[in-house]
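Trainee: One structure, as structure tokens, below. Some questions next.
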Amino acid sequence: MTMAGVQGIPSSTAMLAHTPCSSRLSKSSPLCLRSALGLSAEGKFHGDIGVSFKKRRSPLRLTVSNVATTQEQFQVTKLAAAKENQRPVYPFAAIVGQEEMKLCLLLNVIDPKIGGVMIMGDRGTGKSTTVRSLVDLLPEIEVVGGDAFNSDPDDAELQGPEVRDKFMKGEKLPVVWTKINMVDLPLGATEDRVCGTIDIEKALTEGVKAFEPGLLAKANRGILYVDEVNLLDDHLVDVLLDSAASGWNTVEREGISISHPARFILIGSGNPEEGELRPQLLDRFGMHAQVGTVKDPVLRVKIVEERARFDRNPKEFRESYEAEQEKLQQQISAARSGLSSVTVDHDLRVKISQVCAELNVDGLRGDIVTNRAARALAALKGRDKVSAEDISIVIPNCLRHRLRKDPLESIDSGLLVTEKFYQVFS
């Protein structure tokens, strides 16, 4: 029995039932449907069957399926839009000279456990430009989607409180790939902005720990960059010391305590003429790079010309270095993958510790960092075994800032470390 057989409903309705939706729907579809059913524009029925329609409720509901806007595609679109809108960054491959600084930064990207790098040098030598240009080379890591702490989906020690609870319960976590994050720490930042804050009102009224993550949460599993770190306020230096030492950030407010992982590569830059860094914080940097003003006139002209070309057309300038940037990215990715297979002979490890002992370096951090940096350099060169040459390249950067006993002394240029190295390794 068709709809046409029902008393009071016109036969046009039967045709409507067999007509494809796309052909009969338009901007005035509800009105057309009302006419087909014998309804006026006001919704009154003209036939013999009484059908009631609630006011302001559409008699036709459409369900749209197979929509392609999945969460992954949304993330990709969001990242692409963010990349399009961000300020153009000077390419790392276009940096002229400053090989020591560039090497220290690359080694820390390959092995974040080296502990960061402190860059000190004259003003206008490209310290902050080089650090920020590192963004394009940073590899991608797995993180839990929608999490403010960049939580690792497989390691509970690198997960935020909520993600850790779900992980312990065995719940499935949404995983996305994202680039390692670089966070700038402004000199004028407040402690709440750095550490995060707890919403006391929500905690008291609703009984939940409402935490607003800070910069340390954002920098977890990423890079925290502090420009002019020697001018940083003492209370923020204390916060950085605590987080760098433990790998965790704890916020205490009105009897409420929240902890989250804060493991980051600490990169600082500054001018020694504006003040030295506190020895406690200086020791937290795995490596120390000294940057000097380029003296060669030809190189100086090249730097000026390259910078002018970048300022004139950033997009075209970046495109001209795409091939070199991609080659460097692949080299870093291969080095990170092969790092675990790189070995250091026992004799070389003994000589590294002998150098540290004869230089009267406090603690064992110098020994550990030198071994790690030498392995990272060997991986960068595509080898699976550390040589004495690798150690000679990295050991001045790993030890020179650990020799100063008096805060009034200046940091050694590395000559003392190099002399001791050749005495021990001869």
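The values are calculated or read from the model by the stated rules, or taken from the named source; none is laboratory data. It should be emphasised that the depicted structure is a prediction, and the values quoted were computed from it without experimental measurement. Virtual Cβ from ideal backbone geometry, glycine too; neighbours counted across all protein chains shown. To get the accessible areas, we keep the full protein, side chains included, count just its heavy atoms, and leave off ligands, DNA and RNA. Shrake-Rupley method; radii C 1.70, N 1.55, O 1.52, S 1.80 Å.
Trainee: Could you tell me how many of the residues in segment 275-300 are open to solvent by less than 80 Å² (accessible area, probe 1.4 Å) and assigned to a helix (DSSP H, G or I)?
Mentor: Qualifying residue count for the region: 4.
Trainee: Just a yes or no: is a residue in segment 218-225 in contact with a strand residue (DSSP E or B) (Cβ under 9 Å, 6 or more places away or on another chain), open to solvent by 70 Å² or more (accessible area, probe 1.4 Å), closer than 18 Å to PRO186 by Cβ and of a type in the set (Lys, Arg)? Lay out the reasoning, then the answer.
Mentor: Just the residues of segment 218-225 that are in contact with a strand residue (DSSP E or B) (Cβ under 9 Å, 6 or more places away or on another chain), to begin with: 218-225.
Next cut, open to solvent by 70 Å² or more (accessible area, probe 1.4 Å) only: 218.
Among the residues that remain, those that are also closer than 18 Å to PRO186 by Cβ are: 218.
Going one step further and asking which of them are of a type in the set (Lys, Arg), we end up with 218.
Yes - at least one qualifying residue is present in segment 218-225.
Trainee: Can you report the number of residues in segment 247-272 which are without any contact (Cβ under 8 Å) to a residue 12 or more places away in the chain and either open to solvent by 60 Å² or more (accessible area, probe 1.4 Å) or assigned to a helix (DSSP H, G or I) (or both)?
Mentor: The initial filter retains those residues of segment 247-272 that are without any contact (Cβ under 8 Å) to a residue 12 or more places away in the chain, namely 250, 252, 255, 257.
Narrowing further to those that are either open to solvent by 60 Å² or more (accessible area, probe 1.4 Å) or assigned to a helix (DSSP H, G or I) (or both): 250, 252, 255.
Summing the residues that are without any contact (Cβ under 8 Å) to a residue 12 or more places away in the chain and either open to solvent by 60 Å² or more (accessible area, probe 1.4 Å) or assigned to a helix (DSSP H, G or I) (or both) in segment 247-272 gives 3.
Trainee: Please enumerate the residues belonging to segment 161-189 that are open to solvent by 80 Å² or more (accessible area, probe 1.4 Å) and of a type outside the set (A, V, I, L, M). Lay out the reasoning, then the answer.
Mentor: In the first step, residues of segment 161-189 are kept if they are open to solvent by 80 Å² or more (accessible area, probe 1.4 Å); the result is 162, 165-166, 168-169, 171-172, 177, 179.
Across segment 161-189, the qualifying residues are GLU162, ASP165, LYS166, LYS169, GLU171, LYS172, TRP177, LYS179.
Trainee: So ALA357 fits all but one of (1) open to solvent by 20 Å² or more (accessible area, probe 1.4 Å); (2) in contact (Cβ under 8 Å) with a residue 12 or more places away in the chain; what number is the exception?
Mentor: (2)
Trainee: When the residues of segment 367-393 are narrowed to those that are in contact with a strand residue (DSSP E or B) (Cβ under 8 Å, 6 or more places away or on another chain) and over 15 Å from VAL109 (Cα atoms), which ends up modelled with the lowest pLDDT?
Mentor: Ranking the qualifying residues of segment 367-393, first place goes to ASP384.
Let's see how each residue does on (1) out of contact with any Lys or Arg (no Cβ under 9 Å at 6 or more places or on another chain); (2) in a strand (DSSP E or B); (3) over 24 Å from LEU281 (Cβ atoms):
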residue: ASN108; (1), (2), (3): yes, no, no
residue: MET120; (1), (2), (3): no, yes, no
residue: THR125; (1), (2), (3): yes, no, no
residue: SER128; (1), (2), (3): yes, no, no
residue: VAL131; (1), (2), (3): yes, no, no
residue: ASP136; (1), (2), (3): no, no, yes
residue: GLU142; (1), (2), (3): yes, yes, yes
residue: ALA148; (1), (2), (3): no, no, yes
residue: PRO153; (1), (2), (3): yes, no, yes
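Trainee: Which members of segment 352-378 meet the condition of being under 26 Å from the mean Cα position of the chain (by Cα) and of a type in the set (D, E, K, R)? Step through it out loud before you land on a result.
Mentor: Step one: filter segment 352-378 for residues under 26 Å from the mean Cα position of the chain (by Cα), giving 365, 368-378.
ARG365, ARG372, ARG375, listed by residue number.
Trainee: Next up: Out of segment 303-320, which residues are more than 19 Å from SER128 (Cβ to Cβ), open to solvent by less than 100 Å² (accessible area, probe 1.4 Å) and either in contact (Cβ under 8 Å) with a residue 40 or more places away in the chain or among the basic types (Lys, Arg) (or both)?
Mentor: ARG309
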